[in-house]
1. List the pairs from B:Lys106/B:Lys203; A:Lys254/B:Lys44; A:Lys195/A:Lys254 whose alpha-carbon separation is above 30 Å, in the order I gave them.
2. Once the label point is placed 7 Å from Cα along Cβ, list for B:Asp193 the distances to the corresponding points in the other copies, in nm, shortest first.
3. Along each principal axis of its Cα atoms, how long is chain A end to end? Whole angstroms, biggest number first, please.
4. Taking the Cβ of B:Arg82 as the center, what net charge do the other residues with Cβ under 12 Å away carry, scoring Lys and Arg +1 and Asp and Glu -1?
5. Please state the shape class of the range A:150-200: rounded when a/c is under 1.5, otherwise prolate if a/b exceeds b/c and oblate if not, all from the C-alpha gyration tensor.
6. Measuring from a point 7 Å out along Cα→Cβ, what nm distances, shortest first, does A:Pro109 have to its partners in the other copies?
7. Apply the Karplus parameterisation 6.51 cos²θ - 1.76 cosθ + 1.60, with θ equal to phi minus 60°, to every residue of the range B:113-122 and state each ³J(HN,Hα) to the nearest whole Hz, in sequence, with x for glycine and proline.
8. So which residue, out of A:Asp182, A:Asp129, A:Asp92, gets the largest mean-square fluctuation from a GNM of chain A using Cα contacts under 10 Å as springs?
Number of protein chains: 2
Amino acid sequence: MSPKFLRSLQSNRPDLPEAEKDPLYVQSLGRAMQVLSAFHQTDKPLTLQEIATISGVGRSAVQRMVFTLRAMGYVDRDPDDRGYVPGLRILDHTLDFQRLNPVVVKAAPVLLELRRMARERIDLSLWDDLRLVYASRLQSKREILSSTLIGHKVPLFCTSGGWAILAHLTDAEADALLTRSDRTQCTPKTITDIKQLKREIAKAREKGYAVAHEQILSGEIAMAAAILDANRRPVAAIHLAASLAEWSPEEFEKQFAPLIIQAARTVSRA
Amino acid sequence: MSPKFLRSLQSNRPDLPEAEKDPLYVQSLGRAMQVLSAFHQTDKPLTLQEIATISGVGRSAVQRMVFTLRAMGYVDRDPDDRGYVPGLRILDHTLDFQRLNPVVVKAAPVLLELRRMARERIDLSLWDDLRLVYASRLQSKREILSSTLIGHKVPLFCTSGGWAILAHLTDAEADALLTRSDRTQCTPKTITDIKQLKREIAKAREKGYAVAHEQILSGEIAMAAAILDANRRPVAAIHLAASLAEWSPEEFEKQFAPLIIQAARTVSRA
DNA sequence: CCATTAAGTATCGCATTGCAATACACTTGT
DNA sequence: ACAAGTGTATTGCAATGCGATACTTAATGG
């Protein structure tokens with residue numbers, strides 16, 4: 001019904017069977033999920049109207065779907081403010097993901113061990129096209145930021161994890177990803193120049209891990225190593241982040257590089 | 001199409017509008033989500049057949065839906081083992097929930113402050129009928145268990161959080177919930193006798209918080225206070241959990257009770 | 001206090017589209 | 001080589017989703 005959006009659903013999924021070519025092969029389920037996804041683009045409860053316009057689905061249809069979603073607990077009414085919000089039942093699927101995703105499962109004990117030894121913040125993020133999606137977080141002693149940001153996304157091009165992953169791709173692939181990226185600065189120090197980025201990636205390729213200085217958050221230094229699948233393709237990254245107030249870049253790197261390499265390798269092997 | 005399941009979707013949602021009465025008012029979206037929910041009942045990748053039988057949806061329909069869900073990223077193929085697993089895109093909705101749920105949002109800073117003062121594990125769980133669903137977790141110094149168990153569920157009847165919530169209901173309501181509960185022991189110390197449970201609830205009602213000794217996990221002591229909505233109805237609980245190796249029950253209670261009461265009250269007020 | 005706008009809800013009929021049935025391609029084990 | 005079990009593709013009928021429409025509250029404002 002909304003051809004552009006249907007097309008967009010299918011981009012960047014070259015591994016799908018042939019019928020993919022036909023946009024209409026995405027059934028009404030697509031519209032329904034698009035309704036649920038309307039919440040991605042807001043930070044306050046939504047009315048039916050708003051959901052309809054954001055998702056590009058007709059008002060009536062939205063009303064039916066929201067009704068159903070509400071009956072199932074995927075959508076709730078906001079008690080105070082008037083409008084709808086995502087419902088509790090969503091977390092059931094979150095748990096399914098965490099329990100069943102092979103990388104997350106295999107990484108869990110390794111991350112714990114890594115945190116035990118490093119005593120800094122450890123993250124696991126999964127690669128999704130131009131972004132990394134955080135799937136697990138082990139907090140360090142004092143957490144400053146939002147509690148548990150499972151599902152948070154960071155750009156591939158300006159994070160240690162992104163560099164670590166790009167380092168395991170061919171130059172052509174990495175290039176393509178970098179140029180497709182929306183390279184806007186996160187901090188004043190964020191590197192956006194492709195030449196410079198490629199230098200960082202080359203460094204990462206050589207060392208087996210990447211280090212990012214204040215690329216995404218001022219005052220933070222991060223290190224990451226990529227996790228590979230059975231075909232030696234990168235699928236995820238383990239991050240270790242610390243405060244520049246406590247570590248000099250040299251110490252930081254020297255201290256943790258062996259640990260993180262070891263951790264990533266442990267998770268990678270079949 | 002599967003009347004029994006459709007009915008079940010609508011139970012325990014008395015706040016829904018009238019058309020609820022008609023099971024068929026749950027459209028095919030219901031079937032689709034049931035397909036996604038098939039993963040709730042497994043701990044390994046599923047084949048189409050298995051999804052079909054678990055969800056009670058026809059093989060063909062499952063294939064179509066899984067195809068669509070895969071195109072959108074809600075389902076992935078397991079790389080090694082043959083079968084399907086929940087996909088990354090689910091985490092997008094997790095984040096939406098965390099960003100938009102009023103209780104989670106309002107509680108976040110309070111939880112951080114509470115952890116800063118208590119230096120023990122802090123959880124926020126939301127009440128969903130007979131269970132509590134964990135929505136946020138702040139880890140303590142050494143985490144033993146699974147990393148981030150957002151979405152994990154614990155029974156209402158045998159947790160400090162559950163007691164805290166039951167304490168804010170009428171006796172009749174609490175009774176109904178307790179009798180409906182599947183009261184099987186989690187640990188040898190888990191209380192299953194309704195009389196005893198009601199005593200615990202009465203204690204909680206009096207003190208304003210509940211304490212549970214090894215009810216769900218041996219060696220763990222937990223304390224919780226309920227979060228109320230605008231109508232003074234409980235909707236969530238803040239938990240504080242620690243090891244019995246480090247605390248005597250008396251010290252534990254004395255130390256943390258004022259903190260947790262204060263925290264819960266802060267989140268509760270409009 | 002009535003007019004007005006906007007939100008949520010419900011109804012209905014047509015044609016869209018989802019689904020059962022079916023067949024095929026591919027892998028695996030006997 | 002066959003059988004059993006995967007995933008995939010096609011097709012036609014009728015179930016059902018959706019647009020159009022109208023009703024009910026609730027909130028705003030003259």
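The values are calculated or read from the model by the stated rules, or taken from the named source; none is laboratory data. Note that the structure is predicted; figures quoted are calculated from it, not measured. Please note: Cβ atoms are built from the backbone with ideal geometry, for glycine as well, and neighbour counts cover all protein chains shown. Quick note on the areas: whole protein, heavy atoms, side chains included, nothing else; ligands and nucleic acids left out. Shrake-Rupley method; radii C 1.70, N 1.55, O 1.52, S 1.80 Å.
1. As for pairs spanning more than 30 Å Cα to Cα, those are A:Lys254/B:Lys44.
2. In nanometres, ordered from closest: 7.7.
3. Largest first, chain A extends 60, 43, 39 Å along its Cα principal axes.
4. Numbers: positive: B:Lys44, B:Arg77; negative: B:Glu50, B:Asp78, B:Asp80, B:Asp81.
Here the count lands on -2.
5. Oblate, since a/c reaches 1.5 and b/c is not below a/b.
6. Its label point is 4.2 nm from the equivalent points in the other copies.
7. 4, 4, 5, 4, 7, 8, 6, 10, 5, 10
8. A:Asp92
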